[in-house]
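The next block holds one structure in the form of structure tokens; read it before the comments.
Derivation of every value follows stated rules applied to the coordinates shown; laboratory data play no part. Nothing here was measured: the structure is a model prediction, and the numbers come from that model. Don't worry about glycine lacking a Cβ; one is built from the backbone with ideal geometry, like all the others, and counts go over all protein chains shown.
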Amino acid sequence: MDNLIPLLEGQVALTFSFGDPTSTAKALNDFSREFKVLEIKGGILERRLLSGDEVKALAELPPFEVMIAKVIGGIRAPLYGLVGALSGPLRSLVYVLKAIEEKKMAS
């Protein structure tokens with residue numbers, strides 16, 4: 001990656017992560033805020049060169065598990081609404097049949 005060479009000029013520290021990229025970016029971003037000696041010049045994600053701002057934006061994303069939970073919650077909410085909408089008429093039918101049964105039993 002020839003376009004990586006400008007990022008390697010001067011004093012450089014490299015970090016590698018084989019797990020969640022957001023947690024690594026978050027750790028580096030937190031460290032650079034606390035200790036002003038670290039400047040995030042860029043990074044590589046999936047063979048794509050990221051600018052320093054893109055790495056900082058990646059650090060602001062929630063962890064992978066939280067994003068998956070939000071997606072599942074977004075899928076689940078309409079399903080619960082559909083179940084509620086479909087069970088309403090069925091419940092009403094049961095109440096009507098119960099009322100007819102009680103009326104016949106009283107007669």
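Remarks
- Modelled FRET efficiency - R0 25 Å, F16 with D53, Cβ distances, 0.05 increments: 0.75
- Were the residues from E102 through L86 laid out at 0.36 nm apart, the gain over their Cα-Cα distance would be 3.2 nm.
- For peptides 21-28, 40-47, sequence by mean Cβ density within 10 Å, most packed first: 21-28, 40-47
- Burial order of peptide ranges 13-20, 91-98, 60-67 (average beta-carbon count within 10 Å, highest first): 60-67, 91-98, 13-20
- Pairwise FRET efficiency - D2 versus R33, Cβ, R0 = 41 Å, nearest 0.05: 0.85
- Extents of the chain, taken as max minus min of Cα coordinates on every principal axis and listed largest first, are 97, 30, 20 Å.
- Scanning the chain for DSSP H helices at least 24 Å long along the axis (C-alpha atoms) with a Kyte-Doolittle mean no lower than -1.0 picks out 64-106.
- Cross-link partners of K103 among lysines (Cα-Cα below 30 Å; sequence separation of 8 or more within a chain): none
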